[in-house]
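Asker: Here it is: the structure, laid out below.
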Amino acid sequence: MFVDTYNNLTLKTISALEWSWTYCNRVKYVLKTDDDVYIHMPVLLAILDEVVNRRQTILGHLAKGWRPSRDIHSPYYISKTQFSESKYPNFHTGPAYVLTSDIAEQLYRAALNETFFKLEDIFITGMIANNLPNIEHHHYPQFSNSRPKIEKIRDTCAMAKLAAVHEIKEDDMFDLWKRLSHGLSNC
């Protein structure tokens with residue numbers, strides 16, 4: 001039995017890599033996204049059109065120089081025993097990132113040979129990916145890592161420029177989808 005908790009997100013992502021490699025190995029891309037992320041397909045597809053011939057690539061919001069949280073009350077808490085360095089390796093933040101499918105198997109197999117780390121984005125796109133040869137990381141600011149202020153969420157034109165928006169509540173997600181999908185903007 002698999003318990004669906006935040007601390008098991010790494011296991012879910014490793015399972016998704018295995019599943020995509022096993023059953024979807026002919027697709028070009030694998031999108032990993034959280035359930036509270038609005039994916040605006042026109043922007044995402046435009047980004048993918050830019051990288052159509054790329055291989056061995058991860059794209060999304062690239063975090064550089066982030067420090068581990070040593071606050072024991074934080075869900076992101078990491079002890080010095082779990083990670084002793086003062087900064088994480090560069091990684092793509094977990095709300096949403098895209099892999100070219102040719103690296104799914106590599107990431108999956110490499111993850112099985114490393115010590116488990118509960119922060120899946122840091123583990124998969126940082127610790128694991130950075131130790132594999134030839135994987136490229138591309139930053140796209142269209143991948144929002146944090147919840148925008150409600151004024152920005154209500155600004156259809158601002159939202160129309162983003163590929164992924166994190167921490168969107170269910171009602172806001174449906175409203176955002178209606179506004180962006182039904183041409184209710186004059187952007």
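Asker: Tell me which residues come under 5 Å, amide H to amide H, from S69 once H is placed; ignore anything under 5 positions away on its chain.
Answerer: I78
Asker: Would you please report the Å³ per residue occupied by the convex hull of the alpha carbon atoms in the chain? All intermediate terms of the calculation are to be shown ahead of the outcome.
Answerer: Values: hull volume 27.0 nm³, N = 187.
It comes to 144 Å³ per residue, whole-number rounded.
Asker: Report D for the stretch 80-170 in µm² per second (integer): Stokes-Einstein, Kirkwood Rh on Cα pairs, 37 °C, 0.692 mPa s. Don't skip to the answer; put the middle values down first.
Answerer: Working: Rh = 15.1 Å.
The calculation lands on 218 µm²/s.
Asker: What relative contact order, as a whole-number percentage, does the chain give when Cα pairs under 8 Å and 6 or more residues apart are counted?
Answerer: Normalised by residue count, the contact order of the chain is 30 percent.
Asker: Here's a follow-up. Per-residue HN-Hα couplings for the stretch 114-121, Karplus 6.51 cos²θ - 1.76 cosθ + 1.60 at θ = phi - 60°, whole Hz, x for Gly and Pro?
Answerer: For the stretch 114-121, the Karplus-derived couplings read 10, 5, 4, 9, 5, 8, 4, 5 Hz, x marking Gly and Pro.
Asker: Follow-up question, since we're still on this one. Which residue, G60, P133, V37, has the largest displacement toward the positive end of the dipole of the chain when charges sit on each Cβ (Lys, Arg +1; Asp, Glu -1)?
Answerer: Looking along the dipole axis, the top candidate is P133.
Asker: Extension gain W177-D36, at 0.36 nm per residue separation less the Cα-Cα distance, in nm?
Answerer: Working: separation 141, 0.36 × 141 = 50.76 nm, distance 1.30 nm.
Gain on extension, W177 to D36, equals 49.5 nm.
Asker: Next up: What pairs from K64/K161; K32/K178; K118/K152; K32/K64; K149/K178 go past 28 Å between their alpha carbons? Spell out each step's value before the answer.
Answerer: Values: K64/K161 23 Å; K32/K178 23 Å; K118/K152 31 Å; K32/K64 20 Å; K149/K178 19 Å.
Going by Cα-Cα distance, K118/K152 fall outside the 28 Å limit.
Asker: Convert each backbone phi in the stretch 160-173 into a coupling constant with the Karplus relation 6.51 cos²θ - 1.76 cosθ + 1.60 (shift: θ = phi - 60°), then list the ³J(HN,Hα) values in order as whole Hz, x for Gly and Pro.
Answerer: 3J(HN,Hα) across the stretch 160-173, in whole Hz: 5, 8, 9, 8, 9, 10, 8, 6, 9, 6, 3, 5, 5, 5.
Asker: What does the C-alpha gyration tensor say about the overall shape of the stretch 1-40? Classify as rounded when a/c is under 1.5, otherwise prolate if a/b is larger than b/c, or oblate.
Answerer: Values: a/c = 3.17, a/b = 1.22, b/c = 2.61.
Cα axes put the stretch 1-40 in the oblate bin.
Any read-out appearing in this document is the output of simple, stated calculations on the displayed coordinates, not a laboratory observation. Just so we're clear, the structure is a prediction, and the values are computed from it rather than from any experiment. Counting neighbours? That spans all protein chains shown, and the Cβs are built from the backbone with ideal geometry, glycine included.
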